[in-house]
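The values are calculated or read from the model by the stated rules, or taken from the named source; none is laboratory data. Since we're looking at a predicted model, the values are computed, not measured. Cβ coordinates were reconstructed from backbone atoms using ideal geometry, including for glycine residues, and neighbour counts include every protein chain displayed.
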Amino acid sequence: MTDYNRMSDEAFRAEVRAFFEQNYPPQLRFVARRLRWAEIRDWYLTLSRKGWIAPNWPREHGGMGLDPQKMIIYFEEIERWGIARAPDHGVVQVGPILIKFGSEEQKREYLPKILAGEYIFCQGYSEPNAGSDLASLRTEAVRDGDHFVINGQKIWTTLAQESTHMYILVRTDRQAKKQEGISFMLLDMKTPGVTVRPIRNLAGHEEFCEVFLENVRVPARNLVGELNRGWTVAKALLSFERINIGSPRRPHYALKRLALLARNKGLFDDPGFVDRFTQLRLDMADLASIYARYVEIVKRGEALGQDVSLLKIWAMETWQRLTELLLETAQEYGCVAGEIDFGDVEVDVLSPFYYARPATIYGGSSEIQRNILAKYVLKLPS
């Protein structure tokens with residue numbers, strides 16, 4: 001298996017770029033919506049056969065084992081070529097969690113099938129009364145012999161209607177404090193008692209779903225980690241999620257689009273614009289440094305602290321500021337969807353702006369992240 005970290009950055013970028021340009025379906029470039037599994041399946045399997053579907057996994061588990069700099073290059077090339085996001089909960093979240101907390105049996109069962117696209121995961125976290133305050137969840141699992149019986153409801157579950165499995169947080173001890181008495185399990189979506197109801201948004205898309213669980217029997221062997229210690233697993237998973245969300249790849253792509261457009265319009269002769277652009281470049285340099293630090297912690301096998309919330313805040317708010325300036329720089333064309341021809345450059349200014357809007361909400365809102373930093377890092381009184 002190739003050790004890509006031994007390659008020069010230039011050689012690695014060239015290989016990734018060539019592979020994407022030669023193999024990614026051109027009709028799926030810069031698609032402004034979440035693709036369904038049937039649309040993106042062939043590309044997922046292409047990456048899987050190449051051994052590139054899990055850049056964040058260690059090589060011994062079938063991943064690329066990329067270091068932070070190579071990871072940034074990999075995702076920069078994804079953004080540059082307009083490659084759509086595939087269903088990646090299994091790769092980004094479940095895989096790392098099983099590598100850290102799973103039994104050997106669970107690793108053998110799930111990791112190869114995630115890589116092969118046989119198991120597609122959705123997230124069973126949020127509930128009607130438990131979103132940012134996730135520890136208030138009410139979905140309950142009661143032990144019955146060698147199974148747990150689950151009853152409850154999940155909501156805002158991305159593409160649950162196309163998933164084969166769910167990773168789910170359930171309450172297994174109602175007498176314990178709310179962060180305690182929670183367990184982390186893996187659920188086959190074909191199990192009797194699972195009902196999925198898509199939620200249609202204003203754009204007519206059905207990306208999110210409600211999931212109802214009525215007397216759903218889950219084998220006890222599907223418990224990940226210790227019983228009633230699922231909050232520890234969930235925090236680790238949220239840390240992996242925040243590293244993924246906090247990647248500089250999307251802000252960096254927006255910065256490059258902004259630079260192209262500004263150069264086309266001669267704005268680098270405007271001191272006011274240069275001042276704002278320079279500040280954003282400095283913010284991006286800080287983001288890259290913060291991101292590399294947290295990735296190194298994960299690669300050393302160490303637990304991430306609550307301060308990883310800083311990464312999520314900085315990445316998403318920087319991305320929003322960049323896309324706002326990109327929209328402003330486009331002037332009257334800022335309301336036009338798709339690639340806009342500015343003469344010697346084509347730039348899509350509206351899609352990055354739209355994608356950046358909810359970024360300070362999903363994965364834990366910026367307000368919640370600041371509360372975490374204040375309480376657990378700065379030790380401020382509540």
>> Going through Gly343, Gly334 one at a time, which residue ends up being farther than 17 Å from Gly246 by Cβ, part of a helix (DSSP H, G or I) and of a type outside the set (Val, Ile, Thr)?
In response: Gly334
> Scanning for something hydrophobic (A, V, I, L, M, F, W, C), surrounded by 20 or more Cβ atoms within 10 Å (Cβ to Cβ) and either modelled with pLDDT under 85 or within 18 Å of Ile72 (Cα to Cα) (or both), does the range 258-270 turn up at least one residue?
Replying inline: no
> Is there any pair linking a residue in the range 121-139 that is under 10 Å from Trp156 (Cβ atoms) to one that is of a type in the set (Ser, Thr, Tyr) and part of a strand (DSSP E or B), with Cβ under 7 Å and at least six apart or on different chains, and which?
Replying inline: Gln123/Thr157; Gln123/Thr158; Gln123/Tyr167
> Got a sec? Which of Thr329, Thr323, Thr318 is at pLDDT 90 or above and over 30 Å from Asp67 (Cβ atoms)?
Replying inline: Thr329
> If only one of Asn244, Asn222 is touching a strand residue (DSSP E or B) at 6+ places or on another chain (Cβ under 9 Å) and closer than 30 Å to Gln106 by Cα, which one is it?
Replying inline: Asn222
>> Quick check on this structure: which one of Leu287, Leu326, Leu304 is outside any helix (DSSP H, G or I) and surrounded by 13 or more Cβ atoms within 10 Å (Cβ to Cβ)?
In response: Leu304
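For the range 339-366: of the residues being free of Cβ contacts under 8 Å to residues at least 60 places away in the same chain and not β-branched (Val, Ile, Thr), which is farthest from Val308 (Cα to Cα)? Steps first, please.
Of the residues in the range 339-366, the ones free of Cβ contacts under 8 Å to residues at least 60 places away in the same chain are 340-341, 346, 350, 353, 357-358, 360-361, 366.
Narrowing further to those that are not β-branched (Val, Ile, Thr): 341, 346, 350, 353, 357-358, 366.
Values: Asp341: 39, Glu346: 36, Leu350: 29, Phe353: 25, Arg357: 21, Pro358: 19, Ser366: 12 Å.
Out of the qualifying residues, it is Asp341.
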> Looking only at the range 228-241, which residues are in contact with a Ser or Thr (Cβ under 7 Å, 6 or more places away or on another chain) and either surrounded by 17 or more Cβ atoms within 10 Å (Cβ to Cβ) or of a type in the set (Asp, Glu) (or both)?
Replying inline: Gly230
> Which condition breaks for Arg49 when tested against (1) out of contact with any Asp or Glu (no Cβ under 9 Å at 6 or more places or on another chain); (2) farther than 23 Å from Ala292 by Cα; (3) touching a residue at least 12 places away in the same chain (Cβ under 8 Å)?
Replying inline: (3)
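Could you tell me whether the range 170-182 includes any residue that is closer than 22 Å to Glu109 by Cβ and buried (at least 20 other Cβ atoms within 10 Å of the Cβ)? Full working, then the answer.
Just the residues of the range 170-182 that are closer than 22 Å to Glu109 by Cβ, to begin with: 170, 172.
Okay, now just the ones that are also buried (at least 20 other Cβ atoms within 10 Å of the Cβ), so 170, 172.
Yes; the residues of the range 170-182 include at least one that is closer than 22 Å to Glu109 by Cβ and buried (at least 20 other Cβ atoms within 10 Å of the Cβ).
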